[in-house]
Amino acid sequence: MSEAKANAAKEALRFIEDGVVLGIGSGTTVEIFLELLGEKIRNEGLNVYGIPTSYQSHIAAIKSGVRVVDLFQYPEPDVCVDGADQIDYNFNCLKGGGAALMREKIVISASKKVIIIADETKYSSKLDKAIPIEVLPFAYACVVNRLYKIAKKVELRIAEKKLGPVITDNGNFIVDCLMEIDDVENLERDLNAIPGVVENGLFPSKLIDFVVLGNENGAKVLQK
Ligand code: 5RP
């Protein structure tokens with residue numbers, strides 16, 4: 001599996017040029033991408049300016065020699081490279097397995113070009129996994145009451161190696177919500193309209209330009 005992720009990550013390096021302002025997603029595939037990018041930066045003497053979407057990718061970016069900057073300085077990154085938990089054939093994505101969905105959606109939406117890297121097992125005819133929903137703790141019970149009316153399963157994400165719920169980098173809870181996903185754009189909008197919902201893990205295809213799918217033998221780049 002990690003060979004497949006590494007092949008997708010390696011292929012995405014072709015989008016990185018000297019001086020690029022890079023939106024940096026989160027997750028294990030992005031972490032591999034940053035390791036490989038570090039080698040490229042060292043070998044070719046590149047300057048890469050990066051805007052990370054989580055503490056995880058912030059730390060990994062610094063290790064790789066990326067010059068970490070922010071959206072104040074660069075509100076429109078040139079390219080964003082991010083992972084996904086599921087990708088449908090139209091490029092709609094489900095994200096948030098690492099609870100970084102809110103900053104990921106901000107940076108993806110702001111970027112000129114968006115590249116999703118993943119192992120090919122994530123590519124599927126339909127999005128059918130639980131949707132991670134970031135919720136303001138103050139509104140938790142009210143949001144969950146609303147979600148129960150439309151979902152098959154609603155689950156507060158519990159932390160590992162810490163008691164209690166996962167707390168996102170923004171200080172919020174994550175609720176994983178299993179429901180029928182038909183119209184991605186409308187569902188994304190309807191979920192975000194619930195007061196107390198901060199963001200959700202549906203990333204409509206209009207946000208995505210390229211999908212790079214890796215397997216044990218290599219990777220292929222899909223373009224809309
Ligand atoms: C984090 C994400 C990740 O991009 C997604 O979970 C994929 O992670 P991985 O590359 O570890 O499979 O959305 O919030």
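The values are calculated or read from the model by the stated rules, or taken from the named source; none is laboratory data. Here the structure is a predicted model, which is why all the values come from computation and not from measurement. These area figures cover heavy atoms from the full protein model, side chains too; ligands, DNA and RNA do not enter into them. Shrake-Rupley method; radii C 1.70, N 1.55, O 1.52, S 1.80 Å.
Provide, as a two-decimal number, the C-alpha radius of gyration of the range 131-201 over 2.2 N^0.38 Å, N being how many residues it has.
Compared with the compact-globule rule of thumb, the range 131-201 sits at 1.06.
Round to the nearest 10 and report in Å² the accessible area of Lys129, as given by a 1.4 Å probe over the protein chains' heavy atoms.
Roll a 1.4 Å probe over it and Lys129 shows about 100 Å².
Using the scaling law 2.2 N^0.38 Å as the reference, what is the normalised Cα Rg of the range 36-75?
Working: Rg = 10.2 Å, N = 40, 2.2 N^0.38 = 8.9 Å.
Its radius of gyration relative to the 2.2 N^0.38 Å reference: 1.15.
Return one whole number: the accessible area per residue of the chain in Å², for a 1.4 Å probe.
48
Rounded to the nearest percent, how much of the accessible area of the range 95-197 (1.4 Å probe, protein heavy atoms only) is carbon and sulfur?
55
Per DSSP H run of at least 4 residues, take -39500 (n - 2.57); add these up for the chain, divide by its residues and hand me the 222 nm value, nearest 500 deg cm²/dmol.
So the calculated ellipticity at 222 nm is -9000 deg cm²/dmol.
Would you kindly compute the Cα radius of gyration of the range 55-182 and its largest Cα-Cα separation (Dmax), both in Å?
16.1, 47
Using only Cα atoms, locate the centre of the range 146-162 and the centre of the range 169-220, then give the distance between them in Å, rounded to an integer.
So the two Cα centres are separated by 16 Å.
What Rg and what Dmax come out for the chain when only alpha-carbon atoms are used, in angstroms?
17.1, 55
Using the alpha-carbon centroid of each, what span in Å lies between the range 40-76 and the range 1-21?
14
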